[in-house]
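Participant: Have a look at this one.
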Amino acid sequence: MLNQTRRDFLKTGSAAALLASTSLRSWAQTLHLPLGIQLYSVRDMLPNDYAGTLKKVGERGYKECESAGYYNHSASDVKSALDAAGLKLVSAHYSMGVLQQGVDDAIQFSKQLGTVEYIICSSPIPKPSSGQKQGEHTMTLEDWQWNAEQLNKFGEKVHAAGLKFGYHNHYTEFKEVGGRSPYDELMHMTDPAKVHFEMDCGWVVVGGGDPVALLKKYASRIVMLHVKDFKKPETPGARPVPSELGQGTIDYKPIFHQAALSGHIKHVFVEQEAFDVPAWESLKIDAEYMQGLGMK
């Protein structure tokens, strides 16, 4: 405005500077949690040298971990190996099939370890009476609804034992079935007090979903994150290729920003499903990427 006085200009300028400063601080907000790893990342090394592999994981800067099997080790052996590696096991993965066969065993083992907070259903199965082969690629809406019922049942048991229960997604939860999103259906049908969600951000993106939008929509339900990256496939329609963090197509800055705003994220785990470089170099790249975003 041509008639603007010096005082008005200073007021406007100060307000603009304050707004810019606030905006920068807001967008700089990120997660400041212990650096975690899903041990599926080192599944090929663990069977041959369980304690040694965990030690190398700790040496890469990881502080927390999530199990994907114990390779016939006792709870005492697992605890000793974790302690020696400087790792804290806070979450444990079990498939729906395994939970169907022995959720009580999973609870007992987790309680013996002493540090496990969450038992997570890592993958669904079709409803047994459906006649479908195990796998999630052809599941019907009825199959997903049956899985939601099972999650409620397991959530009740795990909660009663003093632990927390949750569900980990892949990518088919974001492909509509019968005009509905399986992920939304699981959210709608499960008890918020007994069933939490561990959002695998990479698989959300592969499935066509938006991690930021989901964190806004389900802020209080999503309590843990899986972090992985994918390269764009060379052939259109082909499945994306896993890559090290920062080497693919997923930008985690806005995801972590929204996760921080939600205020409900308790743990974050790197999951490296395949390697472009030697495994230990790959996990070091991932750790450095995460530390660059504020992880401790």
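The values are calculated or read from the model by the stated rules, or taken from the named source; none is laboratory data. Predicted, not measured: the structure shown is a model, and the values here were computed from it. Backbone-built Cβ (ideal geometry, glycine too); neighbour counts: all protein chains shown.
Participant: Only one of these conditions is not met by Q258: (1) of a type in the set (S, T, N, Q); (2) out of contact with any strand residue (DSSP E or B) (no Cβ under 7 Å at 6 or more places or on another chain); (3) over 14 Å from L293 (Cβ atoms). Which number is it?
Facilitator: It fails just one condition, (3).
Participant: Okay, next question. Just checking, how many residues over segment 228-261 are among the hydrophobic types (A, V, I, L, M, F, W, C), without any contact (Cβ under 8 Å) to a residue 40 or more places away in the chain and under 21 Å from V277 (Cβ atoms)?
Facilitator: 2
Participant: So how many residues does segment 267-296 have that are among the basic types (K, R), closer than 23 Å to I222 by Cα and buried (at least 16 other Cβ atoms within 10 Å of the Cβ)?
Facilitator: 0
Participant: With (1) surrounded by fewer than 17 Cβ atoms within 10 Å (Cβ to Cβ); (2) part of a loop (DSSP other than H, G, I, E, B) as the list, and G97 as the residue in question, which single condition is left unmet?
Facilitator: Of (1) surrounded by fewer than 17 Cβ atoms within 10 Å (Cβ to Cβ); (2) part of a loop (DSSP other than H, G, I, E, B), only one is false for G97: (2).
Participant: Please determine whether any residue of segment 199-222 is within 13 Å of the chain's Cα centre (by Cα), outside any helix (DSSP H, G or I), over 19 Å from D286 (Cα atoms) and in contact (Cβ under 8 Å) with a residue 24 or more places away in the chain.
Facilitator: Scanning segment 199-222, I find at least one residue that is within 13 Å of the chain's Cα centre (by Cα), outside any helix (DSSP H, G or I), over 19 Å from D286 (Cα atoms) and in contact (Cβ under 8 Å) with a residue 24 or more places away in the chain, so the answer is yes.
The rows are residues; the columns are (1) closer than 25 Å to P34 by Cα; (2) under 23 Å from the mean Cα position of the chain (by Cα); (3) at pLDDT below 95; (4) of a type in the set (F, W, Y).
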{"position": "A92", "(1), (2), (3), (4)": "yes, yes, no, no"}
{"position": "G114", "(1), (2), (3), (4)": "yes, yes, no, no"}
{"position": "C121", "(1), (2), (3), (4)": "yes, yes, no, no"}
{"position": "K127", "(1), (2), (3), (4)": "no, no, yes, no"}
{"position": "E136", "(1), (2), (3), (4)": "no, yes, yes, no"}
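Participant: So H188 ticks every box in (1) under 27 Å from E149 (Cβ atoms); (2) in contact with a Leu (Cβ under 8 Å, 6 or more places away or on another chain); (3) of a type outside the set (A, V, I, L, M) but one. Which box is left unticked?
Facilitator: Among (1) under 27 Å from E149 (Cβ atoms); (2) in contact with a Leu (Cβ under 8 Å, 6 or more places away or on another chain); (3) of a type outside the set (A, V, I, L, M), the lone unmet condition for H188 is (2).
Participant: For E66, work out the one condition from (1) of a type in the set (D, E); (2) free of Cβ contacts under 8 Å to residues at least 24 places away in the same chain; (3) crowded, with 17+ Cβ neighbours inside 10 Å it doesn't fulfil.
Facilitator: Failing condition for E66: (2).
Participant: Report yes if P192 is in a loop (DSSP other than H, G, I, E, B) and either in contact (Cβ under 8 Å) with a residue 24 or more places away in the chain or in contact with a helix residue (DSSP H, G or I) (Cβ under 9 Å, 6 or more places away or on another chain) (or both), otherwise no.
Facilitator: Against the criterion (in a loop (DSSP other than H, G, I, E, B) and either in contact (Cβ under 8 Å) with a residue 24 or more places away in the chain or in contact with a helix residue (DSSP H, G or I) (Cβ under 9 Å, 6 or more places away or on another chain) (or both)), P192 qualifies.
Conditions (1) of a type in the set (D, E, K, R); (2) farther than 18 Å from I37 by Cβ; (3) at pLDDT below 95, marked per residue:
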{"residue": "Y183", "(1), (2), (3)": "no, yes, no"}
{"residue": "V195", "(1), (2), (3)": "no, yes, no"}
{"residue": "W203", "(1), (2), (3)": "no, no, no"}
{"residue": "V223", "(1), (2), (3)": "no, no, no"}
{"residue": "P236", "(1), (2), (3)": "no, yes, yes"}
{"residue": "R239", "(1), (2), (3)": "yes, yes, yes"}
{"residue": "Q247", "(1), (2), (3)": "no, no, no"}
{"residue": "P254", "(1), (2), (3)": "no, yes, no"}
